[in-house]
1. Let me spell out the model: positive unit charges on the Cβ of Lys and Arg, negative unit charges on the Cβ of Asp and Glu, origin at the Cα centre of the chain. What dipole size does that give, in debye rounded to 20?
2. Mind checking which aspartates and glutamates have their Cα closer than 20 Å to the Cα of LYS70? Skip sequence neighbours fewer than 8 apart in that chain.
3. Computed FRET efficiency, Cβ-Cβ of GLU123 and GLU67, R0 22 Å: what is it to the nearest 0.05?
4. Using only alpha carbon pairs under 8 Å that are at least six residues apart, calculate the relative contact order of the chain and give it in whole percent.
5. In sequence order, what are the phi-derived ³J(HN,Hα) couplings for the range 173-182 according to the Karplus relation 6.51 cos²θ - 1.76 cosθ + 1.60 with θ = phi - 60°, rounded to whole Hz, with x for glycine and proline?
6. Select from ALA143, PRO52, LEU39 the residue farthest towards the positive end of the dipole of the chain; place +1 on Cβ of Lys and Arg, -1 on Cβ of Asp and Glu, and compute about the Cα centre.
7. Over the range 119-206, what relative contact order in percent results from Cα pairs under 8 Å that are six or more residues apart?
8. In 10 Å bins starting at zero, report the fraction of Cα pairs in the range 49-161 per bin as a rounded %.
Amino acid sequence: MISDIYFETRKNVFMSKIITDRDGPVLGIDSSQDMFEKLKYESSRLQQGWHPYDAFNFLVTAWHLFEDWKKSDILGALSKVKRQRTRLPIEMNLVLDVVRDLVNGSKHFLLDLGAAAKRRVNEVHTGDEFGFYEYFFHENLPAVTVDDHWYFSIRVLNNLMMKYFEWTFDDSISVKDFPLDLLDAILYCDIANRRSGPSPDIWLLGIDSAYDW
């Protein structure tokens, strides 16, 4: 009797999955929510030191969670709808373009013609540059510039993407209610048109790690 219960439990918990049709074989990650948990883990590692390896892992996971893993959600799921480009503000789409460019560059180094034509990033910064502009606006962290005046450090990209996915997977918030604090933090990255006053809270997260005081 005990052995029957044991083996029935084992069968239910540890049943294998036969891969058929267009199924992709995965190990231990079977849903968008699983992938989001992976992103949280990689974000926590990234914040410990902004290491390029951790930045690579975080950005790749973030991009595929947005672009590919929505296919794992059921039809009509709110988290799926919130990952549709047409339902997002143009500013959030710009951030997603930056993540896409960094992922394509990191994975392939040389872009194919199609990817190069879509590229938005026009300069990559090491964080060690010197000059008037760098002193006042740049962080001592790797970053990118878009259209010569949008500036996104890896710290800020981490903050923006984590806030975006928190909203994405919160079914209590409508797709029509894009977080205004997130939008404000994105707009603050437009250096040429940056508003006066206190920096947005989302933009400020982890700021102490961005400078060599």
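Bear in mind these aren't lab numbers, they're just calculated from the coordinates by the rules spelled out. A quick note: this is a predicted structure, and the numbers were derived from the prediction, not measured. Every residue, glycine among them, receives a Cβ derived from its backbone with ideal geometry; neighbour counts consider all protein chains shown.
1. Details: 24 positive and 33 negative charges, 150 e Å.
Computed charge dipole of the chain: roughly 720 debye.
2. Partners within reach: ASP21, ASP23, ASP30, ASP34, GLU37, GLU42, ASP97, ASP101, GLU166, ASP170, ASP171, ASP177.
3. Details: r = 24 Å, r/R0 = 1.09.
Computed FRET efficiency for GLU123 and GLU67: 0.40.
4. Values: 205 pairs, mean separation 37.9, N = 213.
Relative contact order comes out at 18 percent.
5. Using θ = phi - 60°, the values come out as 10, 5, 5, 6, 9, 5, x, 5, 5, 5 Hz.
6. Sorting the options by dipole projection puts first LEU39.
7. Details: 99 pairs, mean separation 22.2, N = 88.
Contact order relative to length: 25 percent.
8. 13, 42, 33, 11, 2, 0
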